[in-house]
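> Sharing a structure here in structure tokens format.
The values are calculated or read from the model by the stated rules, or taken from the named source; none is laboratory data. Fair warning: this is a prediction, and the values are worked out from it, not measured in the lab. Quick reminder, even Gly has a Cβ in these numbers, built from the backbone with ideal geometry, and neighbours come from all protein chains shown. For accessibility, only protein heavy atoms count, side chains too; no ligands or nucleic acids. Shrake-Rupley method; radii C 1.70, N 1.55, O 1.52, S 1.80 Å.
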Amino acid sequence: MNKSVWALLIPARRDGTAPPASAILSTRTTLEGDYRFAGVKPGEYMLIGWEEHRGETNPFFNPGFLKSHIGLGALVNVTAGAKIKASAPVVMP
């Protein structure tokens, strides 16, 4: 990877609906693709990498965007006190 992308941690929902924007965790990766989320509550999440395109910022807070992209991520199970290493595909808008 030669540029920074967004890493998104989105609560997994079995009913296919998008979670509220306030439940989505996001951070930028380093140029090497490393990222870190701290203080994540235990549960199942979808991990998605997202590359900005044409000056768009934060479309992942849009329920329509989430619904169409959430299935492209990697499922991550977070347990209390655990350190987890995971990777996910980078989604292009």
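> Which of the following residues is at pLDDT below 80 and within 16 Å of Trp6 (Cβ to Cβ): Leu31, Leu66?
Only one candidate passes the filter, namely Leu66.
> For the subset of the stretch 34-46 comprising residues that are under 18 Å from Leu72 (Cα atoms) and modelled with pLDDT of 90 or more, which member is most open to solvent (accessible area, probe 1.4 Å)?
Step by step, filter the stretch 34-46, then rank; the result is Glu44.
> Let me ask something additional. Do any residues in the stretch 1-29 that are within 14 Å of Ala88 (Cα to Cα) have Cβ atoms under 8 Å from those of residues that are open to solvent by 30 Å² or more (accessible area, probe 1.4 Å) and part of a helix (DSSP H, G or I), where the two are at least six apart or on different chains, and which pairs are they?
Taking only residues 6 or more apart or on different chains, the pairs are Ile10/Ala23; Ile10/Ile70.
> Then there's this: Pick from Leu75, Leu9: which is open to solvent by 40 Å² or more (accessible area, probe 1.4 Å), at pLDDT 85 or above and part of a strand (DSSP E or B)?
Leu75 is the lone residue from the list that is open to solvent by 40 Å² or more (accessible area, probe 1.4 Å), at pLDDT 85 or above and part of a strand (DSSP E or B).
> Right, Ser22: outside any loop (DSSP other than H, G, I, E, B) and loosely packed, with under 11 Cβ neighbours inside 10 Å or not?
yes
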